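As structure tokens, the structure follows; a few thoughts come after it.
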């Protein structure tokens, strides 16, 4: 089975510019490709992780990944999927974020001996003269055609700044630059980047009379089409300081029955035949075994096998009823009485006191399998107490 065929069986491929030619390219030669990552935060999140998984599949097959860190494009901000303009970051903030991205990517991608490369588009974009850019690049873009792109159409009613309108041109120029300087033949990315990627393919054709390709991958969504990787505490970050390993593991352990097989296909390196067998033979309660496999595999890829095993054993201890694992998410508190609302908010079991009241009133909070029904309830903590939210979320409050 070729890599292209495996991508199809895993359901990874969303759109391609030239399907026949791309399949032939996969089968006939080893080539360089790139994926862009704008440095908008101080950690990668699980949406980025899907792109890293794709990069690793490609690298394992002998192709060369070029990871482009958007130290230039982040100065502008991609309007795709946004209802208003992104927060403007300083050069220092962007470079700091890019350095963290570089470190996190190195856990997954082998950058030794020229097997992969990291570049920053600020190295060429920030040095460009704007008039030259308009003459050399802008003249190839039709405003009428740009306005039909989904990334712009969705913003026209709420307001699209001229700053953001330049983003497509800049991303397209990135492809042209990498095509010229590093013989990069293909851009890969999430399906929400399709319009921007088409711009790059067309620019290479117009400027260099060259053939370049683009292929987008399925976004990580639920069966209902909702984006995955969002928790009550925010994005599902790859940095364990922003998202503890146990919480990360539990997210995948708790995915819906409808989504577990798809996540195994998209996010793990388990043989596709093994996953397809699970798809055919597991249903109902038996899908819990697939969820445990998913949680362990993804956590091991992101945080290492040792931490994945610790999170797995902690989860099993909790679900077995012992509820006393030292690896459970923990908040330290002073000895004495504490209001239940304060504990829920302090531990992020609830984002606000209003939400904490709702959880209690709906019977969603319990201690020692006893539901808490009084929003004025106080909890006496002398050593530790474990609060349970719903059926699957546990949190330990430990006296410091």
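The values are calculated or read from the model by the stated rules, or taken from the named source; none is laboratory data. All values reported here derive from a predicted model rather than from experimental measurement. Neighbour counts are summed over all protein chains in view; Cβ atoms, including those assigned to glycine, are modelled from backbone coordinates with ideal geometry.
Here are some notes:
- Meets criteria (more than 23 Å from the chain's Cα centre (by Cα) and part of a loop (DSSP other than H, G, I, E, B)) for residue 211: yes
- The set of residues in segment 307-319 that are modelled with pLDDT of 90 or more and closer than 10 Å to residue 245 by Cβ comprises 307, 308.
- None of 8, 30 is outside any helix (DSSP H, G or I) and free of Cβ contacts under 8 Å to residues at least 40 places away in the same chain except 30.
- Residues that are under 25 Å from residue 245 (Cβ atoms), without any contact (Cβ under 8 Å) to a residue 60 or more places away in the chain and surrounded by 12 or more Cβ atoms within 10 Å (Cβ to Cβ), drawn from segment 357-387: 359, 364, 365, 366, 367, 381, 384, 385, 387
- Boolean, residue 101 is assigned by TED's automatic domain parsing to the domain that holds residue 195 and over 22 Å from residue 179 (Cβ atoms): yes
- For the criterion of being in the same structural domain as residue 77 (by TED's automatic domain parsing) and in a strand (DSSP E or B), residue 159 fails.
- Only one entry in 145, 171 is over 30 Å from residue 300 (Cβ atoms), assigned to a helix (DSSP H, G or I) and in contact with a strand residue (DSSP E or B) (Cβ under 8 Å, 6 or more places away or on another chain), namely 171.
- Residue match in segment 183-192 (condition: in a helix (DSSP H, G or I) and either at pLDDT below 95 or outside the structural domain of residue 122 (by TED's automatic domain parsing) (or both)): yes
- Options 241, 224: the member that is free of Cβ contacts under 8 Å to residues at least 40 places away in the same chain and farther than 24 Å from residue 292 by Cβ: 241
- Just one of the listed residues (376, 356) is in contact with a helix residue (DSSP H, G or I) (Cβ under 9 Å, 6 or more places away or on another chain) and part of a loop (DSSP other than H, G, I, E, B), and it is 376.
- Some residue of segment 198-213 being within 27 Å of residue 101 (Cβ to Cβ), surrounded by fewer than 20 Cβ atoms within 10 Å (Cβ to Cβ), at pLDDT 90 or above and touching a strand residue (DSSP E or B) at 6+ places or on another chain (Cβ under 7 Å): yes
- Figure legend. Inter-residue proximity from segment 113-127: first residues on the phi < 0 side of the Ramachandran plot, second residues in a loop (DSSP other than H, G, I, E, B) and surrounded by 17 or more Cβ atoms within 10 Å (Cβ to Cβ), beta-carbon distance below 6 Å, spacing 6+ or different chains. Indicated pairs: 116/109; 120/71; 121/70; 121/72; 122/71; 122/72; 125/72; 126/72.
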